[in-house]
1. The conditions are (1) assigned to a helix (DSSP H, G or I); (2) in contact with a Lys or Arg (Cβ under 8 Å, 6 or more places away or on another chain), and residue 71 fails exactly one of them. Which is it?
2. Test residue 156 against the stated conditions and say whether it is part of a helix (DSSP H, G or I), of a type outside the set (S, T, N, Q) and either within 14 Å of the ligand (Cβ to nearest atom) or under 20 Å from residue 24 (Cβ atoms) (or both).
3. Could you tell me which of the residues 171, 191 is exposed (fewer than 14 other Cβ atoms within 10 Å of the Cβ) and more than 15 Å from the ligand (Cβ to nearest atom)?
4. Determine which single condition residue 114 fails, assuming it passes every other condition in (1) at pLDDT below 95; (2) closer than 25 Å to residue 43 by Cα.
5. Checking the condition at pLDDT 95 or above, under 16 Å from the mean Cα position of the chain (by Cα) and not basic (Lys, Arg), which residue from 178, 204, 190 passes?
6. With 231, 243 as the choices, which residue is within 29 Å of residue 81 (Cβ to Cβ) and without any contact (Cβ under 8 Å) to a residue 40 or more places away in the chain?
7. Taking segment 176-188 as the region of interest, how many residues are closer than 30 Å to residue 88 by Cα and surrounded by fewer than 18 Cβ atoms within 10 Å (Cβ to Cβ)?
8. Within the group 222, 201, which residue is out of contact with any helix residue (DSSP H, G or I) (no Cβ under 9 Å at 6 or more places or on another chain) and either more than 16 Å from the ligand (Cβ to nearest atom) or more than 21 Å from residue 79 (Cα to Cα) (or both)?
Amino acid sequence: MIRRLFRRPPAEIDRRSWQDVRERVPWVAALDDSRSERLRALAARFLHEKTITPLGGLELDQVARTMLAALSCLPLMEFGAEGLHGWSQLLVYPDAFRVDRSHVDAAGVMHEGEDELAGEAWEYGPLVLSWADILADLDNPRDGCCVAVHEMVHKLDALDGLLDGTPPLPRAWQREWARDFQQAYDAFAARVDRGLHTALDPYAAEAPEEFFAVCSEYHFSDPALLEREQPVVATHLRKLYGPSPFAAG
Ligand SMILES: [Zn+2]
């Protein structure tokens with residue numbers, strides 16, 4: 001028997017399943033038809049290329065898996081499927097999980113410290129998410145949080161081999177981006193250092209890559225606040241991601 005080595009093309013997500021996702025995921029529900037179709041194709045590719053592994057007794061049905069794929073692909077609607085390169089596993093814990101610092105450092109994981117995490121992204125390893133935090137995001141989609149977007153942004157950031165708050169972009173744009181983000185990050189981190197109140201989550205002051213990931217969460221979940229607090233960053237993110245599903249909403 002001849003073993004066929006070519007890959008099957010990704011199966012489409014059927015209309016009924018996609019409708020289920022639209023009903024449960026407010027960001028997808030808010031997309032116009034053409035962007036919803038683009039996301040549906042990306043999510044199909046995600047399901048084809050990635051292995052989704054629920055841990056700790058968690059069970060995920062097909063709708064839940066499709067929801068995870070759709071959420072993870074939100075930042076790729078303009079960037080495209082190249083944003084999925086470089087890794088193959090999505091691990092999903094039932095709840096926030098504990099990481100041990102020494103292990104984290106040696107493995108090169110992006111989040112540091114012994115901490116309860118809602119998600120993490122290893123540079124070439126798995127994307128890790130907490131299902132409870134995904135559900136909390138879905139319940140409060142306009143609160144500035146979207147853990148799936150946050151972790152996917154780290155994957156996007158790391159695509160050029162450097163986790164530094166700058167994704168791979170055309171050279172001229174990348175220069176502008178690096179300059180504008182550095183300026184915005186330095187000013188934001190200085191406010192947090194002085195103990196001043198910030199409208200954006202002060203976690204963004206941890207590192208330039210966290211600033212990029214946290215601002216991206218606001219792009220999707222509270223674009224008006226991002227525009228008010230970080231107008232220059234908001235403009236770059238609109239160019240990278242397209243308009244927020246909640247723009248002018
Ligand atoms: Zn992070």
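The values are calculated or read from the model by the stated rules, or taken from the named source; none is laboratory data. Since this is a predicted model, take the numbers as computed values, not measurements. Every residue, glycine as well, gets a Cβ built from its backbone with ideal geometry; the counts of neighbours run over all protein chains shown.
1. Against the list (1) assigned to a helix (DSSP H, G or I); (2) in contact with a Lys or Arg (Cβ under 8 Å, 6 or more places away or on another chain), residue 71 comes up short only on (2).
2. yes
3. Matching residue, one of 171, 191: 171.
4. (2)
5. Answer to the selection: 204.
6. The unique qualifying residue is 243.
7. 1
8. 222
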